[in-house]
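Everything on this sheet refers to the single structure shown next.
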Amino acid sequence: MDSSRNKNQILSSLEEHRKRLSEKSLIELFNNDPDRGSHFSTTFGDLWIDISKQLIDSTTIDLLADLAEASKVNQFLLDMMAGSPVNWSEQKPALHTALRASRDSKILVEGINVIPSISETFEKMEDFSQCIRSGKLLGATGAPITSVVALGIGGSNLGSLMAYKALSNFSHKDIDIRFCSSIDPVELDQTLDGLDPETTIFVITSKSFNTKETLVLMENAKKWLEYSIGIEGMSKHLVGITGSREKATNLGIEETMIFDLPDWVGGRFSLSSAAGLVLMISIGPTEFFHLLSGMKEIDHKTLSEPFESNGTLLLSLIDIWNRSFLNYPTMAVVPYSSQMSYLPAYLQQLMMESLGKNIRKDRHGFGNSVGSVIWGATGTEGQHAFFQFLHQGTDVIPCEMLGFSNSYDQALQGQQNSLFANLLAQTEALALGSSTEKEDLTPDRKLEGNRPSTVILAPKLTPFILGQLIALYEHRTVASGVIWGVNPFDQWGVESGKSIAIDIELEINEISSSETMTKRNSSSEKLLEKFKIFRNI
């Protein structure tokens, strides 16, 4: 690794290297290095990360490591974890790592140590979740709470939903947990179907308590409660997770039912905060803190491991290589576990909202592509849906496959073995194509191979392992943003779209005056006209 060269020189060297490497195939790379599977894999925490089936060689990694060094990735991560305002467009820290830091740590924000307030929130969460799990939390009529409905959208929903499904084997069997994020009234109706208002609480998560979708859901939930228990007892059925206590109380949530969500925690990084309350209720405080311990393990290793064995940075560098140099626009995420079915959606928000940027910190644009489209589905289901395109489509799509060696139930280990056999077979076929022994295959049956993939293998899906996976993806995303020069913590495109939607809704509801109505393009004007006509059909 040579850190003496500047970034432009390294980028130029990487481009020249890409031209040379493009003449080689994965078959050739494996033939030239019989131990390639070991040379391009590493243990990282409890995870085994194999990038040997990516279109790389040792020079690729060395040059990419130089790029990371020149981009000062490690310093950025150190500054981030120390509480510096690394979210430069909003001049705020991004301190999700403080949420799983040791309780004797000292992390200052504006001169105040944030650790005591974090501990206080976790203690309150623990007490609250234990009350529900033990049947001691009573609703307005004196009936114990047995159902929890989580209302929130984006980062206030996807992390908890993904982790809840992933850790369903650890959930409390007598507590019904449900999630709703859409303002489509059908979804809320379906979510509430079969629930009893007397035994149901709503956990409303919104850092600002300004999120339109979440406020609409809250108002509809309050109407549902009011019909059965009246306005007076409603406050016993509403929980707020927010950084805006005053707004929450103004909307009917009692102070004692509010859990603080610090302003320096981004929504897509918030699972380890009070936004994870629903998950704690489900799996219990002990397992929730195991999840945080797994995150902390990767936080530490990301800062301490050298490049060649640093799983976080290696995966980030592969993302840079595939997108900016090999020009692959998408990445398929394929977990071979039905419990991890929400992982692709969670990563869509984490990675695409963080890296979907077209301007760097220095205000210049890019000479190459940045950020990937993330998509995917669970393994064997994906094999019968989109894998045909992965193997023989005209576009090369890098894959990331996740597997677990052990089943949650030893009696089902045979099926776990089958899952891994499928995972391994697909990566072999993607990389190496049709067997060289089958030379008589017709052209339409042949697989050309040379399709890159990464495998992340873990012993078993537990809270501790899931915590490691989540932190791995968090830090990998941030590291990629640093190398690309973008701010991984803001989302101005999302905010702009929300603002336009508010204006249009006022027009639809005919609240805006003719003077304040915005002149729109002919397509939007025609669609508004047709929408209003169709309402009367």
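The values are calculated or read from the model by the stated rules, or taken from the named source; none is laboratory data. The structure displayed is predicted, hence computed values, not measured ones. Cβ sites come from the backbone with ideal geometry, for glycine too, and all protein chains shown count toward neighbours. Heads up: the accessible areas ignore ligands, DNA and RNA and are worked out on the full protein's heavy atoms, side chains in. Shrake-Rupley method; radii C 1.70, N 1.55, O 1.52, S 1.80 Å.
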task: Please state which of the following conditions residue 75 fails to meet, knowing it meets all the rest: (1) polar (S, T, N, Q); (2) closer than 27 Å to residue 305 by Cα; (3) modelled with pLDDT under 95.
output: (3)
task: Taking the options 482, 494, name whichever one is in contact with a helix residue (DSSP H, G or I) (Cβ under 8 Å, 6 or more places away or on another chain) and under 30 Å from residue 42 (Cβ atoms).
output: 482
- prompt: Quick check: is even one residue across the stretch 223-234 of a type in the set (Val, Ile, Thr), in a loop (DSSP other than H, G, I, E, B) and either surrounded by 15 or more Cβ atoms within 10 Å (Cβ to Cβ) or in contact (Cβ under 8 Å) with a residue 40 or more places away in the chain (or both)?
  reply: no
query: Out of all the residues in the stretch 194-223, which are modelled with pLDDT of 95 or more and at positive phi?
result: 194
field: Condition met for residue 141 (among the hydroxyl-bearing types (Ser, Thr, Tyr) and without any contact (Cβ under 8 Å) to a residue 60 or more places away in the chain)
entry: no
message: So residue 408 passes all but one of these: (1) touching a residue at least 12 places away in the same chain (Cβ under 8 Å); (2) open to solvent by less than 60 Å² (accessible area, probe 1.4 Å). Which condition number does it fail?
response: (2)
- prompt: Name the residues in the stretch 20-29 that are free of Cβ contacts under 8 Å to residues at least 60 places away in the same chain and assigned to a helix (DSSP H, G or I), would you?
  reply: 20, 21, 28, 29
- request: Considering every residue within the stretch 126-133, establish whether at least one is under 23 Å from residue 208 (Cα atoms) and either surrounded by 15 or more Cβ atoms within 10 Å (Cβ to Cβ) or among the polar types (S, T, N, Q) (or both).
  value: yes
- prompt: So which residues in the stretch 95-125 are open to solvent by 60 Å² or more (accessible area, probe 1.4 Å) and without any contact (Cβ under 8 Å) to a residue 12 or more places away in the chain, if there are any at all?
  reply: 104, 106, 110, 111, 112, 116, 120, 123
statement: Of the candidates 419, 424, the one satisfying the condition of being crowded, with 18+ Cβ neighbours inside 10 Å and either out of contact with any Cys (no Cβ under 7 Å at 6 or more places or on another chain) or not in a loop (DSSP other than H, G, I, E, B) (or both) is 419
query: part of a helix (DSSP H, G or I), under 19 Å from residue 281 (Cβ atoms), open to solvent by 60 Å² or more (accessible area, probe 1.4 Å) and at pLDDT 95 or above, is that true of residue 173?
result: no
statement: All-but-one check, residue 250 against (1) in contact with a strand residue (DSSP E or B) (Cβ under 7 Å, 6 or more places away or on another chain); (2) open to solvent by 30 Å² or more (accessible area, probe 1.4 Å); (3) among the polar types (S, T, N, Q), failing number (1)
field: Residue list for the stretch 38-63, restricted to those being aliphatic (A, V, I, L, M) and farther than 14 Å from residue 311 by Cα
entry: 55, 56, 63
query: Taking residue 457, is it aliphatic (A, V, I, L, M) and modelled with pLDDT of 95 or more?
result: yes
query: For the subset of the stretch 146-159 comprising residues that are in a loop (DSSP other than H, G, I, E, B) and touching a residue at least 60 places away in the same chain (Cβ under 8 Å), which member is surrounded by the most Cβ atoms within 10 Å (Cβ to Cβ)?
result: 152
message: From the list 451, 520, exactly one residue is crowded, with 21+ Cβ neighbours inside 10 Å, more than 18 Å from the chain's Cα centre (by Cα) and either modelled with pLDDT under 80 or part of a loop (DSSP other than H, G, I, E, B) (or both). Which is it?
response: 451
field: Which listed residue, of 242, 256, 191, is surrounded by fewer than 20 Cβ atoms within 10 Å (Cβ to Cβ), within 28 Å of residue 109 (Cβ to Cβ) and at pLDDT 95 or above
entry: 256
Filtered residues of the stretch 252-275 (kept if in contact with a Gly (Cβ under 6 Å, 6 or more places away or on another chain), assigned to a helix (DSSP H, G or I) and within 19 Å of residue 149 (Cα to Cα)): 267
